[in-house]
Amino acid sequence: MSTLDFSTTLGNAWFPTPTFTASGCASSGRELAQFFDLASIGGVVTKSIMSKARSGRPTPRMAETPSGMLNSIGLQGPGLDAFLAKDIPYLVEQKARIIVSIAGETVEEYSTLARKLRAVSGISALEVNISCPNVENRGLVFACDPEASRRVIDGVRRTIGGELPIIAKLSPDVTDLVSIARGVVDAGADALALINTVLGMVINLDTMRPHLGGKTGGLSGPAIRPIAVRAVYQVHAAMPQVPILAMGGISNGRDALEMIAAGASGVSIGTASFGNPMAIIAVQDELKALLTAKGFNSLRQAIGYAHRPESE
Amino acid sequence: MSTINKNAANVRATIVSNKRVGQYFQLIINIGELATVCKPGNFVAINVGGANSRMVLRRAFAISRVSTSAISGGTMELIVAPHGQGSKWLCSQVEGDELDVIVPLGTAFGIPTEPVHVLLVGGGYGSAPLFGLAELLNARGCRVDMLLGASTAAKIYAPMEGKRAVNSLRIYTEDGSMGHKGRVTDPIPEMIHDSNIAVIYSCGPMAMLSAIDSITRGSDVVHQCAVEESMACGIGICMTCVLPVEQEDGTVAMLRTCIDGPVMDGSVVQWEKVGKAL
């Protein structure tokens, strides 16, 4: 059998495999545990947690689109305290590696969340979601503003100290993604999560009105995969030393390998899990087989391969 | 292992038969041993469109009945209305075709411990899971009355064999093309008043469920309803299929109808808040 080194790192966090759930697509982890062992994947990226419980946007929250879907959840969640009391202990008990995703309405809320998470054991890394499109005020999408992005990450970095890796999750809905990425890395992000959903809309022709309760929603699934590949490629080209956790329509091993070749150190599986609860296991197995078949000895050798000159 | 989705399995299941029944299709699907853990009210999530489909999400269907004595092994019956791309694809599948299914999912109808008088109310093809439920209630010694309604006769689903398990069946159509002319909820206040109905079981459009709740509110009648919200996953991870539900502490939370439903206590669903921000 192969002796492929399938492990990866995001900042100083080590993971035995490069396959993760995507934030907001695995709920508390319990729902997927019926279908696979949570410890058998790279890690569980939790839904984005806010300080207080939040009920989210009204229904309809979903519209299927060609090779994708729009969602308009609006960061429904139990709030940090309930999350720490119920969800983290469960994931620790399952021996899952945990990346906690946080979201805030203000720069201060992110710092407060970071302060409360600093002392929690069992967390491998922190995903700072500054790019959720489903907030009441689009002006709050920090990741569309280089200065706001930088301030959020700077606040979290100062609060949390140097130990826990920070992964900044960015939006593709910007003109110059590289400059935003550079800003958050300068402010202390150890890694980047690319990409969040793409803002979209569906009009319901029965009502002749926007279909979603929140009017706009985040587009995900295979429809956005080329956008994600482009984003990963551009950012890796500019900052090859910064690890990227890639997501956006990955459904199988080939999709994952494309992201790795574009420059990703790991991949997250989101919408594909809605159609297939074991998609992440399939991606993991297929990626491993593909890397082996292509003669790689380690995942690391394949990261950013697409950037090599033709002659190599 | 988990406490959520605890009986569910993702399997490939073969279609035993697919027949047109009025405006609907009746699919019998072999799910083997899983048929023994399916209860009335549970649903199934099915991949549609084949391997290279642009439809990436599963479709949820109520299980109308299971049989564990079939020669081919355990089977489940689905009554499907071909009104969207996914359900049309499913209805076009034929005997011998394989489906990717996750089953059983969601909550089930609660069965009374005493042989009480119950009323089953179905709207459109929402009546389908009520026949399997009727058989179970009938076997427990309950008196089972049934009301079925739809806009027009062709949308009434009422199989001959299903009627055996009910003590009475009344049909209502809004255009009067079958049974009584009117809404299926019209006779409920009088039935509650005249008899000792302990539980109403309902399945159908949200407006019908909400109307039943407004009738049973303030009474001793328990209302167990199977709700329908559009779902992306069916297994509790997408958070799209939520309904506002009152909690024990009096607060209202958005609960997932795939995990905390589809069968819910009608009295705690905040019908007037459905589709609104909390």
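The values are calculated or read from the model by the stated rules, or taken from the named source; none is laboratory data. This is a predicted model, so every value here is computed, not measured. Neighbour counts run over all protein chains shown; Cβ positions are idealised from the backbone, glycine included.
Residues in segment A:39-58 that are at the interface with chain B (Cβ under 10 Å from one of its Cβ atoms) and surrounded by fewer than 24 Cβ atoms within 10 Å (Cβ to Cβ): A:53, A:54, A:55, A:56, A:58. The residues listed here are B:242, B:268, B:222, B:252; of these, the one that is within 11 Å of chain A (Cβ to nearest Cβ) and farther than 30 Å from residue A:278 by Cβ is B:252. Among residues that are within 14 Å of another protein chain (Cβ to nearest Cβ), closer than 17 Å to residue A:196 by Cα and assigned to a strand (DSSP E or B), residue A:100 is not included. Among helices (runs of 4 or more DSSP H) entirely within segment A:220-276, having at least 2 residues that are among the hydroxyl-bearing types (Ser, Thr, Tyr) singles out A:271-275. Of the residues making up segment A:23-50, those that are more than 10 Å from residue A:87 (Cβ to Cβ) and part of a loop (DSSP other than H, G, I, E, B) number 11.
Return the residue satisfying two criteria in turn: it lies in segment B:5-33 and is crowded, with 22+ Cβ neighbours inside 10 Å and within 13 Å of chain A (Cβ to nearest Cβ), and of such residues it is modelled with the highest pLDDT. Residue satisfying both the conditions and the ranking: B:8. What are the residues in segment B:265-278 that are touching a helix residue (DSSP H, G or I) at 6+ places or on another chain (Cβ under 9 Å), closer than 29 Å to residue B:7 by Cβ and not hydroxyl-bearing (Ser, Thr, Tyr), if any? Scanning segment B:265-278 gives B:266, B:269, B:274. Any residue in segment A:52-70 that is in a loop (DSSP other than H, G, I, E, B), over 25 Å from residue A:170 (Cβ atoms), at pLDDT below 95 and β-branched (Val, Ile, Thr)? Yes - at least one qualifying residue is present in segment A:52-70. Considering the conditions (1) of a type outside the set (A, V, I, L, M); (2) surrounded by 15 or more Cβ atoms within 10 Å (Cβ to Cβ); (3) touching a His at 6+ places or on another chain (Cβ under 9 Å); (4) without any contact (Cβ under 8 Å) to a residue 60 or more places away in the chain, residue B:217 is excluded by exactly one of them, (2). Pull out all pairs, ordered by first then second residue, where Cβ-Cβ is under 7 Å, the residues are six or more apart or on different chains, the first lies in segment A:238-255 and is farther than 19 Å from residue A:275 by Cα, and the second is acidic (Asp, Glu) and part of a loop (DSSP other than H, G, I, E, B). Correct list of pairs: empty, since none qualify. Restricting attention to segment A:74-113, the residues that are surrounded by 24 or more Cβ atoms within 10 Å (Cβ to Cβ) and over 24 Å from residue A:38 (Cα atoms) total 3.
For (1) under 18 Å from the mean Cα position of the chain (by Cα); (2) more than 14 Å from chain B (Cβ to nearest Cβ); (3) surrounded by fewer than 22 Cβ atoms within 10 Å (Cβ to Cβ), each residue gets a yes or a no:
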site	(1), (2), (3)
A:265	yes, yes, no
A:270	yes, no, no
A:274	yes, no, no
A:280	yes, no, no
A:283	yes, yes, no
A:291	no, yes, no
A:295	no, yes, yes
A:303	yes, yes, no
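On inspection, residue B:144 fails the criterion of being assigned by TED's automatic domain parsing to the domain that holds residue B:13 and not in a helix (DSSP H, G or I).
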